[in-house]
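Chemist: The structure is given below, and queries will be raised subsequently.
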Amino acid sequence: MKFTRITVNPKKMGGVPCLRDLRIPVATVVGMFAEGMRDNEILEAFPDLEIEDIQEALHYAAQAVRERELPLLSA
């Protein structure tokens, strides 16, 4: 998948992936979604975002997890 809304600039936000060069990290948006916020609540918190930004952030996160192994705690 080609990500057209995700930008990485080493001179902005320490080079973390952001949405459309807006200084809004992908991880922030994905975290908000994971905490149960709905799309409209995220858009209200970040008025510069669009619904497509949220969707691409989630796709990006899913792809990132596919690419690497994450340590999981055993119960």
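No lab work stands behind these numbers, since they all come straight from the coordinates. Remember, it's a predicted structure, so these values are computed and weren't measured experimentally. Note that each Cβ is placed from the backbone with ideal geometry, even for glycine, and that neighbours are counted across all protein chains shown.
Chemist: How much length, in nm to one decimal, is gained on full extension between Ala27 and Thr4, taken as 0.36 nm per residue of separation minus their Cα-Cα distance?
Modeler: Extra length available between Ala27 and Thr4 comes to 6.6 nm.
Chemist: Which order, highest average first, do 29-38, 13-22 follow once you tally other Cβ atoms within 10 Å for each residue and take the mean per peptide?
Modeler: 13-22, 29-38
Chemist: Quick one: 3J(HN,Hα) in Hz for the range 13-25, Karplus 6.51/-1.76/1.60 with θ = phi - 60°, rounded, Gly and Pro as x.
Modeler: After applying 6.51 cos²θ - 1.76 cosθ + 1.60, I find 6, x, x, 6, x, 10, 8, 6, 6, 8, 6, 10, x Hz.
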